[in-house]
Amino acid sequence: MLITTGFNFIRLARLYSITYMKKILSIFGTRPEAIKMAPVIKELERHPDSFETRVCITAQHREMLDQVIAIFNITPHYDLNIMQPNQDLFDISSRVLLKIREVLKDFQPDLVLVHGDTTTSSMAALAAFYHQIPVGHVEAGLRTGNIYSPFPEEMNRKMTSALTTLHFSPTQNACQNLILENINPKRIFITGNTVIDALLIASKKISQDKELENKITFELDKLFKDGVQSILSSNFILITGHRRENFGAGFVQICEAIKELACKYPNNHFIYPVHLNPNVQGPVYSLLGNMANVHLISPLSYLPFIYLLERCYFVLTDSGGIQEEAPSFGKPVLVMRETTERPEAVDAGTVRLVGTDKTKIVLESIRLMDDSKYYNSLATAHNPYGEGKAAERIVTVLLQINFKELK
Ligand code: UD1
Ligand code: UDP
């Protein structure tokens, strides 16, 4: 294991010398992968003398992905455009695998970079392996220990680790998980999480550009009947949800809980950008569609979402990425899942696991709403996922390492 700070970097630099252009292909397909890979892609682009870089999007997501690549100004070289309405895991896996075969043949990269735990990531890693191309895995080593929770992400990330040569772990804990699976410690690099790089880029962009902030509030204004100002000046609750293991009964419980909270707190707003998955849209719109203080809106573009995250009272979510972002803003998060692969956020105090049991979601939310002492004990800004230098660390490793020795 190499912790990528000063001394180790110098050691790396001495060990390896680089005299050739390294061909790197970054592959991703969903909204969170795009957000977390964007800082890495931008950092790679800063070294045109060392890297020939290309970006391949599978477009496992379409609209939600396009929103992100537009914000970060990423122009993909390959767009596999695989998304189908209500796709299942077989659809995604087979379409990604087959279409990436051609991309790899065309570009013949020295390294494929993938991110996290989606089916795009694991299938891209498998495709690279079939071509005997080494894989670099960003956000490596997260584990719940339960292959059905989150489903199928826990298995996706385990498969990806088995196919990976360079593991970029966000935290010491993630690194330990890999070591326990007998991954060579020399191939693990602790870098922090690139989600923080993206978050800092985004919040700096907004805070330094009044025109951009006005544009964001103008866009948000259109989404709410009485405008966004009345929402921003109140204690509003931000909600997201999309996990496959929560489909069906889980989502019904989640919606029932939100309904009960919205009735109990008629003066508070509940803002819910609803994921485009039909398995989410169905129950959410049918169970929550008629509540005056529950605002069901389309998925927000990244900057407006971050703008609301920074200003909300607390978050109800089953999202992975939001568990990592919210501690930076000191926003309490109730995670509507039975397990988390992000124990650092729980240890930091901002994140609490509440599962999908209606009563538990309601009781924990009431506690946050009514007990200010309790609220304050959770609302502590702390950042267990790094200080926004993860992409730089990853690229420094890629600069220094001799790719010819990777196989
Ligand atoms: C996927 C990932 C999940 C990740 C999540 C982030 C897998 C198996 N799942 O789940 O790990 O946490 O993305 O959000 O890799 N849809 C659209 N437009 C979009 C996006 C989705 O219409 O831009 C609809 C389509 O009907 C699509 C469906 O949502 O078929 C499901 O998308 P999919 O990527 O399979 O699942 P997610 O729940 O988004
Ligand atoms: N996000 C967004 N718009 C939204 C909801 C979330 O841009 O309406 C961002 C959020 O800031 C985070 C990421 O999307 O960075 C999380 O994506 P998601 O919850 O879909 O996936 P997960 O992180 O659970 O894999």
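Of all the criteria given as (1) modelled with pLDDT of 95 or more; (2) away from ligand 2 (no atom under 16 Å from the Cβ), the one not satisfied by Met21 is (1). Confirm whether Gly192 is in contact with a helix residue (DSSP H, G or I) (Cβ under 6 Å, 6 or more places away or on another chain), in a loop (DSSP other than H, G, I, E, B) and under 15 Å from Gly386 (Cα atoms). Criteria met by Gly192.
Checked against (1) more than 14 Å from ligand 2 (Cβ to nearest atom); (2) of a type in the set (Lys, Arg); (3) buried (at least 19 other Cβ atoms within 10 Å of the Cβ), Arg337 meets all criteria but (1).
Put simply, of Arg54, Arg31, Arg11, Arg46 the only residue that is farther than 26 Å from Arg101 by Cα and at pLDDT 95 or above is Arg46.
Given the criteria of a type in the set (A, V, I, L, M, F, W, C) and out of contact with any Leu (no Cβ under 8 Å at 6 or more places or on another chain), does Ile216 qualify? Against the criterion (of a type in the set (A, V, I, L, M, F, W, C) and out of contact with any Leu (no Cβ under 8 Å at 6 or more places or on another chain)), Ile216 does not qualify.
Condition check ((1) closer than 19 Å to Gln87 by Cβ; (2) within 26 Å of the chain's Cα centre (by Cα); (3) not small (Gly, Ala, Ser)) across all residues:
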| residue | (1), (2), (3) |
| --- | --- |
| Ser233 | no, no, no |
| Ile237 | no, yes, yes |
| Phe251 | yes, yes, yes |
| Glu256 | no, no, yes |
| Ala262 | no, no, no |
| Asn267 | no, no, yes |
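Among the candidates Phe168, Phe224, Phe189, which residue alone is among the hydrophobic types (A, V, I, L, M, F, W, C) and within 17 Å of the chain's Cα centre (by Cα)?
Testing whether each residue is among the hydrophobic types (A, V, I, L, M, F, W, C) and within 17 Å of the chain's Cα centre (by Cα) leaves just Phe168.
Residues that are within 12 Å of ligand 2 (Cβ to nearest atom) and either free of Cβ contacts under 8 Å to residues at least 12 places away in the same chain or buried (at least 24 other Cβ atoms within 10 Å of the Cβ) (or both) within the range 40-63 comprise Gln60, His61, listed in sequence order.
Annotation: Ile271 fulfils all but one of (1) within 16 Å of ligand 2 (Cβ to nearest atom); (2) within 24 Å of Glu338 (Cβ to Cβ); (3) touching a Cys at 6+ places or on another chain (Cβ under 8 Å); the unmet one is (2). Look at the range 67-83: where a residue is touching a residue at least 60 places away in the same chain (Cβ under 8 Å) and a partner is assigned to a loop (DSSP other than H, G, I, E, B), sitting 6+ places away or on another chain with Cβ atoms under 7 Å, you get Gln67/Ser301; Ile71/Ser301. Tally time: how many residues in the range 288-311 are within 13 Å of ligand 2 (Cβ to nearest atom), in contact with a strand residue (DSSP E or B) (Cβ under 9 Å, 6 or more places away or on another chain) and hydrophobic (A, V, I, L, M, F, W, C)? Qualifying residue count for the region: 6. Please work out if Leu178 is out of contact with any Cys (no Cβ under 6 Å at 6 or more places or on another chain) and within 16 Å of ligand 2 (Cβ to nearest atom). It is false that Leu178 is out of contact with any Cys (no Cβ under 6 Å at 6 or more places or on another chain) and within 16 Å of ligand 2 (Cβ to nearest atom).
Across the range 64-107, the number of residues qualifying as away from ligand 2 (no atom under 16 Å from the Cβ) and aliphatic (A, V, I, L, M) comes to 8. The strands (runs of 3 or more DSSP E) found wholly in the range 279-386 and carrying at least 2 residues that are under 20 Å from the mean Cα position of the chain (by Cα) occupy 314-317, 333-335, 351-353.
Identify all residues within the range 274-287 that are within 16 Å of ligand 2 (Cβ to nearest atom) and either modelled with pLDDT under 95 or in contact with a helix residue (DSSP H, G or I) (Cβ under 7 Å, 6 or more places away or on another chain) (or both); write none if there are none. Of everything in the range 274-287, those that are within 16 Å of ligand 2 (Cβ to nearest atom) and either modelled with pLDDT under 95 or in contact with a helix residue (DSSP H, G or I) (Cβ under 7 Å, 6 or more places away or on another chain) (or both) turn out to be Val274, Leu276, Val280, Val284.
Quick one: count up the residues across the range 348-398 that are charged (D, E, K, R) and in contact with a strand residue (DSSP E or B) (Cβ under 8 Å, 6 or more places away or on another chain). Result for the range 348-398: 3.
Scanning the range 96-137 for residues that are of a type in the set (Asp, Glu), assigned to a loop (DSSP other than H, G, I, E, B) and surrounded by fewer than 21 Cβ atoms within 10 Å (Cβ to Cβ) turns up just one, Asp110.
The rows are residues; the columns are (1) under 30 Å from Asp226 (Cβ atoms); (2) surrounded by fewer than 21 Cβ atoms within 10 Å (Cβ to Cβ); (3) within 14 Å of ligand 1 (Cβ to nearest atom).
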site	(1), (2), (3)
Ile297	yes, yes, no
Thr317	yes, no, yes
Ala326	yes, no, no
Pro343	no, yes, no
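A Cβ distance below 9 Å, combined with a sequence gap of six or more or placement on separate chains, defines the contacts here; from the range 298-309, residues that are of a type outside the set (A, V, I, L, M) reach residues that are in a loop (DSSP other than H, G, I, E, B) and within 12 Å of ligand 1 (Cβ to nearest atom) in the pairs Ser298/Val274; Ser298/Leu276; Pro299/Thr240; Pro299/Val274; Pro299/His275; Pro299/Leu276; Phe305/Thr240; Phe305/Pro299. Taking residues in the range 225-246 that are in a strand (DSSP E or B), and partners anywhere that are within 11 Å of ligand 2 (Cβ to nearest atom), the pairs with Cβ atoms closer than 6 Å and at least 6 places apart or on different chains are Leu238/Ile271; Leu238/Leu308; Leu238/Val315; Ile239/Tyr272.
The values are calculated or read from the model by the stated rules, or taken from the named source; none is laboratory data. None of the values given here were measured: they were computed from a predicted structure. Quick reminder, even Gly has a Cβ in these numbers, built from the backbone with ideal geometry, and neighbours come from all protein chains shown.
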